[in-house]
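S.K.: Before I ask anything, let me first share the structure, which is written out below as structure tokens.
The values are calculated or read from the model by the stated rules, or taken from the named source; none is laboratory data. Model, not experiment: these values are computed from the prediction. We place every Cβ from the backbone using ideal geometry, glycine too, and count neighbours over all the protein chains shown. Note: areas computed on protein heavy atoms with side chains; ligands, DNA, RNA excluded. Shrake-Rupley method; radii C 1.70, N 1.55, O 1.52, S 1.80 Å.
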Amino acid sequence: MDFYLRVCAQKPSEIVELQNDFYGEGIAAKCYQQVSLFLKTPTHLSLSFSSNTHTYTHQLCINKLNSIADNLGRNANSKPQRGTLVILGLGAGYHINKLMSEIRYTDVIVIEPDEKHYAMACQHINFASLKAECQSRGGSLTLLNTENYQQFLTQVKQLVKKQGVHLLADISVYRHYSTPMMDRIFSDFKQWRNGFASMWGYLEDELLGLKHTCENYQNTRVGAHENIFSEFSSFPVLIVGNGPSLDKDLQHIKTQQDRALIVSCGTSLSTLMKVGVTPDFHIEMERTSVNFEIKEDELCDPRIKGVVLITLSTIYPKLMQQFDRRIVFTKGNDLGAELASLSCKGSKPLYHCNPTVTNMAVAAFLRMGFNNIVLLGCDYGYIDQNKHHSQLSSYYDPNNALSNVSFDNEMAVMGNFRPHVFTSRIFNEARSAQERLLAQYPLAQVKNASDGAFIEGTQPVEFTELCFSSNGKSEVLSKIKEYAVEHTGSKLDCGAYFSHANERLNSLKQSVGRANSVTGVVSILNAFIVGLRENKDSLIYEILLSGSIKYIVGTIASHINHLPLSSWTDYDTQMRKELQSMLDALMKKLSHG
């Protein structure tokens, strides 16, 4: 029976009994008391994008908008003028109206899986009035009968996609009662909020990836490579990340290098070579030239001449040309992959292959048919924020640009061998991406020997406890190298799509000028992003344009949430000028390809 039909079917006597058991006397007073406790230490996160020196078009706009907001009195730590309220549990529902009277929440998302609690709330609050109040504030009311944590993630992700990233600018989570699912939503608040606000991309990055894809397509074969080595599915593959726990396993890797395939990932190449281990495969996925420059000594080392490169079509072409043997994939949700598909030169893209090279490694080897994988140094976290990578890595070389990188204890997550480790937003997203990938490969045996974050779908095991057969590696490598040396080229054309993208941006610029308020601008930007998905070529425009616009939506929403209402008009006037200048700059970049 449908959830809402089950709500209507609840017997009044059973609802009264539940209410008495749940609250006892003084229902409204108890709800209000809980709200008062919440308001003293609210579970709340604000999203903002800092000013920095990057010259990306959206970042330059963010810098100027931040300056405008600061000059008009923005206080990022103030009680927000607007925001999103996530309610975990309805009960009698009195807490919702009370919260909305204390803070001007515009968007309310209610999570309630129990039809009896829903029926109870219907006796005490008017959902039609609540919906109308949200709409009068420029927001919405959403009721979700979520049954588990994964369903919650899916539902809220779809909601953000449909309504806009302004939902994330200021978001509060209010837990009315406890269940295992609600407790996890509450405790993982920062993790899922950060996940929804990650990996948006931006125009310059997409254009760079496309430029590299077009060049790389002319010089190499790009394919799906699906199950091409499934005959060797049980042969062990050691995927070596550069996490701090790698140091404990380096010597044992040396003893096993003739019994398993050794895969270096990004900067772990340098670490392995320092202890005399030359990998069989090397993984790269970053598209900038800097990625090549900081590792140039290792990438040009004669010892890796026979190493097979496994990579994405978006990488810096000079890096790809360092390897004679290579296996190249297209990247999921990538502009070049979509254009190749439309021109019938595409192949099945590789998904869940970012944000780190170890994500790429696991995705690629599972795709190629290997099912016996061991993770080493794939920590996705650290015990000590000052020891965030292997001590032999370039991160601790004062002459390397990587030595300037720092890590914070942004959040704690469950550890693989210990109660918890600290992690960063990117590392945590990398762990989540691995979990989503492994859920699609239930037959894979993935052992995690890394002393870092626990990865659902893997088996924690000490590397020294594993035993590998001494037979068969030469045969496996011989067949892979024979496959990886074949290269054929082709050409991609993208001019017509850029022209259409420019037309869309110009139309957006005109719409922004006609908006009747600052919140109207946010609505127009959100509608533009949704509209990018409306036809068969839609993913091209969504990938190319949506990321840069999302950052601006989040920035504007964050600013007005923390600006005095008296400053909104001045902010609106100055913001539109900068936004329209940004759109002009984006169109100019598209015109120059």
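S.K.: Highest mean first, how do 120-130, 246-256 rank when packing is the count of other Cβ atoms within 10 Å averaged over residues?
M.R.: The packing order, highest mean first, is 246-256, 120-130.
S.K.: Turning to a different aspect of this structure: Given only helices, namely DSSP H runs of n ≥ 4 each adding -39500 (n - 2.57), what is the per-residue ellipticity at 222 nm of the chain, to the nearest 500 deg cm²/dmol?
M.R.: -14000 deg cm²/dmol
S.K.: Placing +1 on the Cβ of each Lys and Arg and -1 on the Cβ of each Asp and Glu in the chain, which of P302, N359, I552 has its Cα farthest towards the positive end of the resulting dipole?
M.R.: The one lying farthest along the dipole's positive direction is I552.
S.K.: Of L37, H389, C61, which is farthest along the charge dipole of the chain in the positive direction, counting Lys and Arg as +1 and Asp and Glu as -1 at C-beta?
M.R.: Of the listed residues, the answer is C61.
S.K.: Once phi is turned into θ = phi - 60°, what whole-Hz ³J(HN,Hα) does the Karplus curve with 6.51, -1.76 and 1.60 give for every residue of the stretch 92-104, x standing for Gly and Pro?
M.R.: 6, x, 4, 5, 5, 4, 5, 4, 6, 7, 8, 10, 7
S.K.: A further question on this structure: Separation of the stretch 54-111 and the stretch 291-319 by C-alpha centroid, Å?
M.R.: Value for the Cα centre distance between the two parts: 44 Å.
S.K.: Could you tell me the relative contact order of the stretch 218-335? Use alpha-carbon pairs under 8 Å, at least six residues apart, and round to a whole percent.
M.R.: 24 percent
S.K.: Oh, and also: I want the antiparallel fraction of DSSP beta bridges within the chain, as a percent rounded to 5.
M.R.: 20 percent
S.K.: From the phi of every residue in the stretch 228-237, what ³J(HN,Hα) in whole Hz does the Karplus formula 6.51 cos²θ - 1.76 cosθ + 1.60 yield, where θ is phi - 60° and glycine or proline is x?
M.R.: Karplus values, whole Hz, x for Gly and Pro: 5, 10, 5, 5, 10, 4, 8, 6, x, 10.
S.K.: At 37 °C and a viscosity of 0.692 mPa s, what translational diffusion coefficient does Stokes-Einstein give for the stretch 280-320, taking Rh as the Kirkwood radius over Cα pairs? Give it in µm²/s as a whole number.
M.R.: The calculation lands on 314 µm²/s.
S.K.: A further question on this structure: Counting only protein chains, not ligands or nucleic acids, how are H500, H117 ordered by accessible area (probe 1.4 Å), most first?
M.R.: Correct descending sequence by accessible area is H500, H117.
S.K.: When you count, for each residue, the other Cβ atoms within 10 Å and take the mean per peptide, how do 372-383, 410-421 rank with the highest first?
M.R.: Averaged packing, sorted descending, gives the order 372-383, 410-421.
S.K.: In Å², and per residue, what accessible area does the chain have when probed at 1.4 Å with the other protein chains present?
M.R.: Values: 24850 Å² over 593 residues.
Per-residue value: 42 Å².
S.K.: Right, something else. Here are labelled values, (i) -0.32, -0.57, -0.72; (ii) -0.36, -0.64, -0.80; (iii) -0.58, -0.76, -0.87, and one is the computed log10 I(q)/I(0) by the Debye sum over Cα atoms at q = 0.06, 0.08, 0.09 Å⁻¹ for what I pasted. Which one?
M.R.: Recomputing log10 I(q)/I(0) by the Debye sum over Cα atoms at q = 0.06, 0.08, 0.09 Å⁻¹ here gives the entry labelled (ii).
S.K.: How many nm separate the modelled label positions at Q150 and H54, each set 7 Å beyond the Cα in the direction of the Cβ?
M.R.: 3.2 nm
S.K.: What are the GluC sites (Glu not before Pro) within the stretch 34-136 that DSSP puts in a loop, where the Cβ has at most 11 other Cβ atoms within 10 Å?
M.R.: Numbers: sites: E102, E115, E133; in loops: none.
When the GluC sites (Glu not before Pro) of the stretch 34-136 are filtered for loop state and at most 11 Cβ neighbours within 10 Å, nothing remains.
S.K.: To the nearest 20 debye, what charge dipole does the chain have about its Cα centre, counting +1 at the Cβ of each Lys and Arg and -1 at the Cβ of each Asp and Glu?
M.R.: So the dipole magnitude of the chain works out to roughly 960 debye.
S.K.: With unit charges on the beta carbons (Lys and Arg positive, Asp and Glu negative) and the dipole taken about the Cα centre of the chain, which residue among N148, A197, H487 sits farthest to the positive side?
M.R.: About the Cα centre, the residue reaching furthest to the positive side is A197.
S.K.: OK, next. Sort 58-67, 196-205, 568-577, 178-187 by the packing proxy (mean of other Cβ within 10 Å over each peptide's residues), most packed first.
M.R.: 58-67, 196-205, 568-577, 178-187
S.K.: Does the stretch 79-231 come out rounded, prolate or oblate, given a ≥ b ≥ c as the square roots of the eigenvalues of its C-alpha gyration tensor, rounded meaning a/c under 1.5 and, failing that, prolate meaning a/b above b/c?
M.R.: Taking the square roots of the gyration eigenvalues as a ≥ b ≥ c, the stretch 79-231 is prolate.
S.K.: What per residue convex hull volume, in Å³, do the alpha-carbon atoms of the stretch 168-217 yield?
M.R.: 90 Å³
S.K.: Moving on. Out of the trypsin sites (Lys or Arg not before Pro) in the stretch 275-378, which ones are loop residues according to DSSP with at most 12 other C-beta atoms within 10 Å? Don't skip to the end; give the middle numbers.
M.R.: Details: sites: R287, K295, R303, K305, K318, R325, R326, K331, K345, R367; in loops: R287, K295, K305, K345.
Qualifying residues, ordered by number: K305.
S.K.: Please compute, for the alpha-carbon atoms of the stretch 1-128, the extent along each of the three principal axes and give them in descending order in Å.
M.R.: Principal axes ranked by extent give 64, 34, 21 Å for the Cα atoms.
S.K.: Further, regarding this structure: Express the relative contact order of the stretch 339-477 as a whole percentage, based on alpha carbon pairs under 8 Å and six or more residues apart in sequence.
M.R.: The value is 27 percent.
S.K.: Are there trypsin sites (Lys or Arg not before Pro) in the stretch 481-517 that DSSP marks as loop and that have at most 12 other Cβ atoms within 10 Å, and which are they? Don't skip to the answer; put the middle values down first.
M.R.: Values: sites: K481, K491, R504, K509, R514; in loops: K491.
When the trypsin sites (Lys or Arg not before Pro) of the stretch 481-517 are filtered for loop state and at most 12 Cβ neighbours within 10 Å, K491 remain.
S.K.: Report, in debye and to the nearest 20, how large the dipole of the stretch 496-570 comes out about its Cα centre when Lys and Arg carry +1 and Asp and Glu carry -1 on their Cβ.
M.R.: Charge dipole of the stretch 496-570: 40 debye, to the nearest 20.
S.K.: Of all alpha-carbon pairs in the stretch 166-312, indicate the percentage at a distance above 17 angstrom.
M.R.: 74 percent
S.K.: Still on this structure, I have one more. Give a residue-ordered list of calculated ³J(HN,Hα) values for the stretch 282-288 (Karplus: 6.51 cos²θ - 1.76 cosθ + 1.60, θ = phi - 60°; whole Hz; x for Gly, Pro).
M.R.: Values per residue, Gly and Pro as x: 10, 10, 9, 8, 6, 9, 7 Hz.
S.K.: Percent of accessible area on the chain owned by carbon and sulfur, 1.4 Å probe?
M.R.: In the chain, the share of accessible area belonging to carbon and sulfur is 48 percent.
S.K.: Relative contact order for the chain: what is it in percent, counting Cα pairs under 8 Å that are at least 6 residues apart?
M.R.: On the way: 1033 pairs, mean separation 109.4, N = 593.
Contact order relative to length: 18 percent.
S.K.: Measure nothing fancy, just the Cα-based angle from helix 568-591's long axis to the longest principal axis of the chain, in degrees from 0 to 90, nearest 10.
M.R.: Once rounded, one gets 30 degrees.
S.K.: Write down the radius of gyration of the stretch 284-401 and its Dmax, each obtained from C-alpha positions, in Å.
M.R.: So, for the stretch 284-401, Rg and Dmax equal 15.8, 49 Å respectively.
S.K.: Provide the three semi-axes, in whole Å and in decreasing order, of the ellipsoid equivalent to the stretch 442-510 as defined by the square roots of 5 times the Cα gyration tensor eigenvalues.
M.R.: Whole-Å semi-axes of the equivalent ellipsoid: 47, 27, 9.
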